[in-house]
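Each remark here refers to the structure printed beneath this line.
The values are calculated or read from the model by the stated rules, or taken from the named source; none is laboratory data. The shown structure was predicted, so the numbers you read here are calculated from the model rather than taken from an experiment. Please note: Cβ atoms are built from the backbone with ideal geometry, for glycine as well, and neighbour counts cover all protein chains shown.
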Amino acid sequence: MSVRAISWVWQNSKQKGGALLLELAIADFADDNGRAWPAIETLAAKARMTTRNANYVIEKKLKPAGLTVKQNAGPYRTNLFQLPIHGGEKISPLKDFQDETHFPETLKPISPNPSLNRHRRVQRAQAKPSPSLHMLPLGGLQKKKESSAAVGLPGFKETVAVYHDLFLTKFGAKPDIDGRDGKLLAGLVRAHGADDVQGLLRFFFEHPPDWVEKKGKFTLYTFKGIYTELLAQSCNSKTQMRAF
């Protein structure tokens, strides 16, 4: 979340009602340059509207007002939303993901919980960052992070976006997704289908086992390890709801 992006919307947006809510939802996920890559379903839920209505508002109201939407330009080919914070200046998504000055970050432990430290970052202007999910050019991202098994897998990028949004909402920080995570998630999507995996990811964050909640182990590795357990709990929960 960027305070700068949200402040820009409040001060400059001419939108009203649902269109303003949707623009604020985009800003809530954006960085200081006004870029965000949440799933359209996540934006719609945040703005209290249907996915169809969110798409309509983006095309008919936000785009004419300066919002830019780049298809498959974000991490793992997610769509990239660009708010016109820079006075309409168009910023190349590919250039920005390659620019090491945009993400001059190094890890700095700020929590006694080791599982959360890997997701907390602070700015360090002089440090040269190591390649990460957000910094690789798209071609390198496909080769080094997704693995060939994930390229073109239906529903894979949407499932990554769901995990990203769930983690960001819970911890206020973006998750680090490495090559191992990509392979784990691709295997689950291939075996169970994107819709089922996304639904169980939501259940994982809403009804985690006690030890997961206590240790903050909301990683894809943990998710895969207890997938069967979560599936059984989810089915039992749905059965109990139908009984009432």
### Query
Across segment 4-17, what is the number of residues that are without any contact (Cβ under 8 Å) to a residue 40 or more places away in the chain and in a helix (DSSP H, G or I)?
6
### Message
Residues that are of a type in the set (A, V, I, L, M, F, W, C), more than 30 Å from A27 (Cβ to Cβ) and either at pLDDT below 85 or exposed (fewer than 15 other Cβ atoms within 10 Å of the Cβ) (or both): does segment 177-195 have at least one?
### Response
yes
### Query
Is it fair to say G34 is among the small types (G, A, S) and either assigned by TED's automatic domain parsing to the domain that holds V160 or on the phi > 0 side of the Ramachandran plot (or both)?
yes
### Task
Determine the pairs where a residue that is in the same structural domain as E41 (by TED's automatic domain parsing), located within segment 164-185, has a partner that is buried (at least 18 other Cβ atoms within 10 Å of the Cβ) with Cβ atoms under 9 Å apart, the partner being 6 or more residues away or on another chain.
none
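Could you tell me whether F204 is at pLDDT 80 or above, assigned to a helix (DSSP H, G or I) and either buried (at least 19 other Cβ atoms within 10 Å of the Cβ) or not assigned by TED's automatic domain parsing to the domain that holds G74 (or both)?
yes
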### Message
Just to verify a result, which residue in segment 165-176, among those that are touching a His at 6+ places or on another chain (Cβ under 7 Å) and not in a helix (DSSP H, G or I), is surrounded by the most Cβ atoms within 10 Å (Cβ to Cβ)?
### Response
P175
### Task
Answer yes or no as to whether H164 is at negative phi and either charged (D, E, K, R) or over 14 Å from the mean Cα position of the chain (by Cα) (or both).
no
### Summary
Considering residues that are in contact with an Asp or Glu (Cβ under 8 Å, 6 or more places away or on another chain) and under 17 Å from E158 (Cβ atoms), the number found within segment 176-216 is 4
### Message
So, restricting to helices (runs of 4 or more DSSP H) that lie completely within segment 18-110, which ones have at least 1 residues that are modelled with pLDDT of 85 or more?
### Response
40-46, 51-57
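Residues are listed down the side, and each one gets a yes or a no for (1) surrounded by fewer than 20 Cβ atoms within 10 Å (Cβ to Cβ); (2) within 25 Å of F167 (Cβ to Cβ); (3) in the same structural domain as P175 (by TED's automatic domain parsing):
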site	(1), (2), (3)
L22	no, yes, no
A30	no, yes, no
A39	no, yes, no
L43	no, yes, no
T50	yes, yes, no
Y56	yes, no, no
L62	no, no, no
A65	yes, no, no
G74	no, yes, no
